[in-house]
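The values are calculated or read from the model by the stated rules, or taken from the named source; none is laboratory data. Quantities reported herein were computed from a predicted structural model and do not represent experimental measurements. Every residue, glycine among them, receives a Cβ derived from its backbone with ideal geometry; neighbour counts consider all protein chains shown.
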Amino acid sequence: MRKYLKLFVILILGLVLVVGPSTQTVATAKENVQSSSFQQKAQKLIKSNKKLKKTIKSKEDKIASNQKYISKHSNKQYKNDHSNTSSNENLASLNYSGTQEIIVNGNTPKFDQKDLSTSKGAWQKYSDLDKLNRVTGANAMLNKSLMPHAKRERLFVNPTGWHNKKTKSGWLYNRSHLIGYQFTGQNNNPKNLMTGTASLNSPEMQAHEMDVAYYLKGNQNRYVRYRITPIFRGNELLARGVHMEAQSIGNDAIRFNVYIFNVQSGVTLNYDDGTSRIGN
């Protein structure tokens, strides 16, 4: 009996010696796998944080730019309110005097009840080019349903007055949409493009477009009556400015009537043909 007991003890000790290291090896391998997994996740998080920092920096720059625009326009004096200048002929006669955007007709758009009707739902209309091939205007009843989902293609249409050049701050001109691409998806439509300075396009027109887009995206039942008219003087090929009017239907969440001069700081424009020279 004692002999068998001794053999049993030896057998148990042998199993411990064999199984013990094996179990320890499995545990170590498991720890190594976990460590490797954590390292991979950490690397991904580091890369993700770098991208987020770049995005945040970009957003901060955009906020600063928007705030600059807000501050600039919040300080406008009543002298910039051209309440009695409501016709396009009168707007064409105005000369830029330091403020790129002015208020027209007390900031009240000139739409009648028929203009504000939504009986036909959302729609868009682009007037024909005139005898000089100049863009003449665009009207729409904007709604979220008109907004495009496709990626915008490269612009190639050259509107009248298109004589672009590089300046210290970038390209002088943009192919400016009367009704922004984000509203209707109209891109290379000659009836929807004008030669506009970089500052006319952004931040001036873009600031109002952002307000309208934000409002429309908030609810699919929202509508905004929208009218954009380029203003030319005589037979000039480069527009003197652009007249923007908008009115949200059923409320005044969106309501403006402004005129934006087609000018660029540090550049003298020849409105006859769109050529330019650096310096005022």
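Between a residue in the range 119-137 that is closer than 22 Å to N158 by Cα and any residue that is among the charged types (D, E, K, R) and assigned to a loop (DSSP other than H, G, I, E, B), which pairs come within a Cβ distance under 6 Å, given they are 6 or more apart or on different chains?
T136/D130
Just need a number here: residues in the range 202-248 that are in contact with a strand residue (DSSP E or B) (Cβ under 7 Å, 6 or more places away or on another chain) and aromatic (F, W, Y).
Matching residues across the range 202-248 total 3.
Of all residues in the range 165-184, count the ones that are over 22 Å from the mean Cα position of the chain (by Cα) and closer than 24 Å to T136 by Cβ.
The total comes to 0.
Out of N219, N188, I need the residue that is farther than 24 Å from F111 by Cα and modelled with pLDDT of 95 or more. Which one?
None of the other options fit; the residue is N188.
Among the residues of the range 157-174, write down those that are in contact (Cβ under 8 Å) with a residue 40 or more places away in the chain and under 21 Å from Q186 (Cα atoms).
T160, G161, W162, Y173 - these are the residues of the range 157-174 that are in contact (Cβ under 8 Å) with a residue 40 or more places away in the chain and under 21 Å from Q186 (Cα atoms).
Look through F183, F156 and report the one residue that is assigned by TED's automatic domain parsing to the domain that holds G274, crowded, with 21+ Cβ neighbours inside 10 Å and not small (G, A, S).
When all the criteria are applied, what remains is F183.
Among the residues of the range 230-262 satisfying the criterion of being buried (at least 20 other Cβ atoms within 10 Å of the Cβ) and β-branched (V, I, T), which is farthest from G218 (Cα to Cα)?
I231
I'm trying to understand the selection: among the residues of the range 134-188, which are in a loop (DSSP other than H, G, I, E, B) and basic (K, R)?
Those that are in a loop (DSSP other than H, G, I, E, B) and basic (K, R): R134, K151, R152, R154, K165, K168.
For residues that are of a type in the set (A, V, I, L, M, F, W, C), in a strand (DSSP E or B) and out of contact with any His (no Cβ under 9 Å at 6 or more places or on another chain), tally how many sit in the range 232-264.
Residues in the range 232-264 being of a type in the set (A, V, I, L, M, F, W, C), in a strand (DSSP E or B) and out of contact with any His (no Cβ under 9 Å at 6 or more places or on another chain): 2 in total.
Among the residues of the range 97-111, count how many are part of a loop (DSSP other than H, G, I, E, B) and more than 11 Å from Y259 (Cα to Cα).
Here the count works out to 6.
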